[in-house]
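> I have a structure I would like to understand better, so I am pasting it below and will then ask my questions one at a time.
The values are calculated or read from the model by the stated rules, or taken from the named source; none is laboratory data. Just so you know, these numbers come straight off a predicted model, no measurement behind them. No Cβ is skipped: glycine too gets one built from the backbone with ideal geometry, and neighbour counts run over all protein chains shown. Surface accessibility is based on the protein's heavy atoms, side chains included, excluding ligands, DNA and RNA. Shrake-Rupley method; radii C 1.70, N 1.55, O 1.52, S 1.80 Å.
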Amino acid sequence: TRSTRPQRLLGAVQKSATRGDPCSVVNAIDQFCRHTEWAMNVGDEKGCILDSVVSEVNPATVLELGTYCGYSTVRIARLLPPHAKLITLEFNPDFAAIARQVIAWAGMEEKVHLVEGASGEWIPKIKEQFGVKALDLVFLDHWKDQYLPDTKLIEECGLLRKGSVLLADNVIFPGAPQYLEYVRSSQQYESQYFKSHLEYTKVEDGLEKSVFLG
Ligand SMILES: CCCNc1ncnc2c1ncn2[C@@H]1O[C@H](/C=C/CNC(=O)c2cc(-c3ccc(F)cc3)cc(O)c2O)[C@@H](O)[C@H]1O
Ligand SMILES: [Mg+2]
């Protein structure tokens, strides 16, 4: 039977990237998605903005919502200090299986906890399961209509501290209007839009960075 897009993306990593070299994994996926088959990774252009926010925050604990094939997982993990932790939630078992292999190929297993499950079920468990006091950075890249309910759940679970950063992909395309309205109007956030383009295209898209003020 025909392979899936994530399987073909993993094949490109195994063919073109060097084991243990996260940058080569990121580059192999970007090359594949730009020249062979588009896939919904944050990509190289928005990825540079993601890199700058990760470097600025220098997080000890990161939560990613929506692992997919693990592109942004590897992109973030490669910048984290040795004992930092990235928890990434993915509820599709087929995508999770591919992402585990991409993360392993990059040699990032030590820094990454991939949890196969839904954000709504797992966000309330993060403190106890992972001994996390607060999240320094949250990267939202899952179903766009879930950005707002999950942000409210993260707040209710007391997972944010003064200075915690939320970084959301696709706030223009496909768009997350309710989320944007919330973080831009709330007194509890200082929000900033980083204009860019939809991965591997000329379509406008961007990232919204929102600092929790406590
Ligand atoms: C219970 C649902 C909410 N909780 C969840 N908990 C855990 N994982 C969840 C998840 N929702 C979704 N996921 C997973 O996140 C991923 C979903 C990502 C959704 N992303 C998009 O739709 C998207 C779509 C585009 C896109 C842009 C243009 C276009 F023509 C077509 C698509 C571009 C992007 O950058 C995107 O991020 C999948 O791996 C899915 O299984
Ligand atoms: Mg996205």
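> Scan the stretch 102-123 and tell me whether some residue there is farther than 22 Å from Ile29 by Cβ, polar (S, T, N, Q) and at pLDDT 95 or above.
Quick first cut of the stretch 102-123, residues farther than 22 Å from Ile29 by Cβ only: 117-123.
Narrowing the set further to residues that are polar (S, T, N, Q) leaves 119.
Among the residues that remain, those that are also at pLDDT 95 or above are: 119.
Scanning the stretch 102-123, I find at least one residue that is farther than 22 Å from Ile29 by Cβ, polar (S, T, N, Q) and at pLDDT 95 or above, so the answer is yes.
> Residue by residue through the stretch 137-151, note down the ones that are away from ligand 1 (no atom under 13 Å from the Cβ) and assigned to a helix (DSSP H, G or I).
Residues satisfying the conditions do not exist here.
> Taking into account only those residues within the stretch 1-12 that are without any contact (Cβ under 8 Å) to a residue 40 or more places away in the chain and either in contact with a Ser or Thr (Cβ under 8 Å, 6 or more places away or on another chain) or within 25 Å of Trp143 (Cα to Cα) (or both), which is surrounded by the most Cβ atoms within 10 Å (Cβ to Cβ)? If you could, list the steps in order and put the result at the bottom.
First, the residues of the stretch 1-12 that are without any contact (Cβ under 8 Å) to a residue 40 or more places away in the chain: 1-3, 5, 8, 11-12.
Of the ones still in play, those that are also either in contact with a Ser or Thr (Cβ under 8 Å, 6 or more places away or on another chain) or within 25 Å of Trp143 (Cα to Cα) (or both) are 3, 5, 8, 11-12.
Working: Ser3: 10, Arg5: 15, Arg8: 15, Gly11: 12, Ala12: 19.
In this case the residue turns out to be Ala12.
> Which condition breaks for Tyr147 when tested against (1) under 14 Å from Thr61 (Cα atoms); (2) within 13 Å of the chain's Cα centre (by Cα); (3) of a type outside the set (D, E, K, R)?
Failed condition: (1).
> Follow-up. Run down Glu208, Glu204 and say which single residue is within 14 Å of ligand 1 (Cβ to nearest atom), open to solvent by less than 30 Å² (accessible area, probe 1.4 Å) and of a type in the set (Asp, Glu).
Answer to the check: Glu208.
> Give me a count of the residues in the stretch 13-23 that are touching a residue at least 40 places away in the same chain (Cβ under 8 Å) and under 15 Å from Arg78 (Cα atoms). It would help to see each step written out before you state the result.
Taking the stretch 13-23 as the starting set, the residues that turn out to be touching a residue at least 40 places away in the same chain (Cβ under 8 Å) are 13-14, 17, 19-23.
Applying the additional criterion that residues be under 15 Å from Arg78 (Cα atoms) yields 17, 19-23.
Total satisfying the criteria: 6.
> Residue under question is Gly117, and the condition is that it be farther than 30 Å from Lys15 by Cα and either in contact with a strand residue (DSSP E or B) (Cβ under 8 Å, 6 or more places away or on another chain) or more than 16 Å from ligand 2 (Cβ to nearest atom) (or both); does it hold?
Working: farther than 30 Å from Lys15 by Cα: no; either in contact with a strand residue (DSSP E or B) (Cβ under 8 Å, 6 or more places away or on another chain) or more than 16 Å from ligand 2 (Cβ to nearest atom) (or both): yes.
No.
> Within the stretch 166-188, work out how many residues are away from ligand 1 (no atom under 13 Å from the Cβ) and either among the charged types (D, E, K, R) or open to solvent by 10 Å² or more (accessible area, probe 1.4 Å) (or both).
The number of residues fulfilling the criteria is 10.
> Could you look through the stretch 32-47, keep only residues that are under 14 Å from the mean Cα position of the chain (by Cα) and not in a helix (DSSP H, G or I), and pick out the one that is farthest from ligand 2 (Cβ to nearest atom)?
Of all residues in the stretch 32-47, those under 14 Å from the mean Cα position of the chain (by Cα) come to 40-44, 46-47.
Pick out the ones that are also not in a helix (DSSP H, G or I) and you get 40-42.
On the way: Met40: 5, Asn41: 7, Val42: 5 Å.
Among those that are under 14 Å from the mean Cα position of the chain (by Cα) and not in a helix (DSSP H, G or I), it is Asn41.
> Regarding Arg75, is this residue away from ligand 2 (no atom under 15 Å from the Cβ), of a type outside the set (Asp, Glu) and touching a residue at least 12 places away in the same chain (Cβ under 8 Å)? Spell out the reasoning first.
Working: away from ligand 2 (no atom under 15 Å from the Cβ): no; of a type outside the set (Asp, Glu): yes; touching a residue at least 12 places away in the same chain (Cβ under 8 Å): yes.
In short, no.
> Here is a check on your reading of the model: is Arg100 open to solvent by 20 Å² or more (accessible area, probe 1.4 Å), over 14 Å from the mean Cα position of the chain (by Cα) and of a type in the set (Lys, Arg)? Steps first, answer last, please.
Values: open to solvent by 20 Å² or more (accessible area, probe 1.4 Å): yes; over 14 Å from the mean Cα position of the chain (by Cα): yes; of a type in the set (Lys, Arg): yes.
Yes: the conditions hold for Arg100.
> Follow-up question, since we're still on this one. Evaluate the following for Ala118: is it among the small types (Gly, Ala, Ser), surrounded by 14 or more Cβ atoms within 10 Å (Cβ to Cβ) and farther than 24 Å from Gln101 by Cβ? Even if it seems obvious, please write down each step before you answer.
Numbers: among the small types (Gly, Ala, Ser): yes; surrounded by 14 or more Cβ atoms within 10 Å (Cβ to Cβ): yes; farther than 24 Å from Gln101 by Cβ: no.
Here the answer is no, as Ala118 does not meet what is asked.
> Also: Can you pull out every residue in the stretch 96-116 that is closer than 22 Å to Ser164 by Cβ and near ligand 1 (Cβ under 9 Å from one of its atoms)? Explain how you work it out, then say what you get.
Looking only at the stretch 96-116, we keep the residues that are closer than 22 Å to Ser164 by Cβ, and these are 111-115.
Selection gives Val115 alone.
> Here's another thing I want to ask about it. Of the conditions (1) touching a His at 6+ places or on another chain (Cβ under 8 Å); (2) open to solvent by 20 Å² or more (accessible area, probe 1.4 Å), Ile87 fails just one. Which one is it?
Ile87 satisfies all of (1) touching a His at 6+ places or on another chain (Cβ under 8 Å); (2) open to solvent by 20 Å² or more (accessible area, probe 1.4 Å) except (2).
> Looking at Lys111, Lys133, which one is more than 16 Å from ligand 2 (Cβ to nearest atom) and open to solvent by less than 60 Å² (accessible area, probe 1.4 Å)? Quick ask: steps written out before the conclusion?
Working: Lys133 fails: open to solvent by less than 60 Å² (accessible area, probe 1.4 Å).
None of the others qualify; the one that does is Lys111.
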